[in-house]
Amino acid sequence: MATLISHSPEETQALGEAWGREAARGWVIGLSGDLGAGKTQLVKGFARGLGIVARVHSPSFTLLNQYEGGRLLLYHIDLYRLDTAEQVLGAGLEPYLDNPDGVTVVEWAERWFGEMRNAECGVRNEGRRVRLARLEVLNETERRITYDDSGA
């Protein structure tokens, strides 16, 4: 486990950008944290690290945004409006966990994967690289980002 204290949205984006530069096909990034914790800021940086120049925004109402134009496709899922794994499966999002064409970032991942206590966190495919991150609001400008890096 690693912990970073981010002092600004730009620092949160910089961490995401670093992850995006090292990302490989099939990666799954699970993000959890309260509203305003910086999950979407992390995804914005991740997209930039992949070379995606499109405006990244949270797909709260559509559940899924797909971004092209970088070295890998980015699938950005936001589960805020879903409450259970059954609702997620009913929405047809499971194929995005087994995606050889790109990488998938899931906001509110605990609604699908459970409490995300271990590397598998409900992701069944072996050999996949899974990164889990918990973002916590410390104050108006600071966020604690605790993350695990597991998988192949």
Open item on the list: Tell me yes or no: at least one residue of the stretch 66-74 is assigned to a helix (DSSP H, G or I), among the small types (Gly, Ala, Ser), touching a Lys or Arg at 6+ places or on another chain (Cβ under 9 Å) and surrounded by 14 or more Cβ atoms within 10 Å (Cβ to Cβ).
Closed with: no
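Okay, residues lined up against (1) closer than 21 Å to PRO9 by Cβ; (2) assigned to a helix (DSSP H, G or I):
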| position | (1), (2) |
| --- | --- |
| GLN41 | yes, yes |
| PHE46 | yes, yes |
| ALA54 | yes, no |
| HIS76 | yes, no |
| GLU86 | no, yes |
| PRO100 | no, no |
| THR104 | no, no |
| ARG111 | no, yes |
Open item on the list: Please count how many residues of the stretch 74-95 are among the hydroxyl-bearing types (Ser, Thr, Tyr) and within 12 Å of the chain's Cα centre (by Cα).
Closed with: 1
TODO: Determine whether GLY36 is of a type outside the set (Ser, Thr, Tyr), farther than 12 Å from VAL103 by Cβ and part of a loop (DSSP other than H, G, I, E, B).
DONE: yes
Task: Only one of GLY122, GLY92 that is over 21 Å from ALA37 (Cα atoms), part of a loop (DSSP other than H, G, I, E, B) and either at pLDDT 80 or above or of a type in the set (Phe, Trp, Tyr) (or both) - done: GLY92
TODO: Out of the residues in the stretch 41-63 that are within 18 Å of GLU110 (Cβ to Cβ) and modelled with pLDDT under 95, state the one that is surrounded by the fewest Cβ atoms within 10 Å (Cβ to Cβ).
DONE: SER60
- [ ] Those residues that are in contact with a Lys or Arg (Cβ under 7 Å, 6 or more places away or on another chain) and on the phi > 0 side of the Ramachandran plot, I need them from the stretch 1-37; list them, please.
- [x] GLY26, GLY33
TODO: Residue by residue through the stretch 4-31, note down the ones that are in a strand (DSSP E or B), modelled with pLDDT under 95 and surrounded by fewer than 24 Cβ atoms within 10 Å (Cβ to Cβ).
DONE: LEU4
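The values are calculated or read from the model by the stated rules, or taken from the named source; none is laboratory data. What you see is a predicted model; the values in this text were computed from it and never measured. Counting neighbours? That spans all protein chains shown, and the Cβs are built from the backbone with ideal geometry, glycine included.
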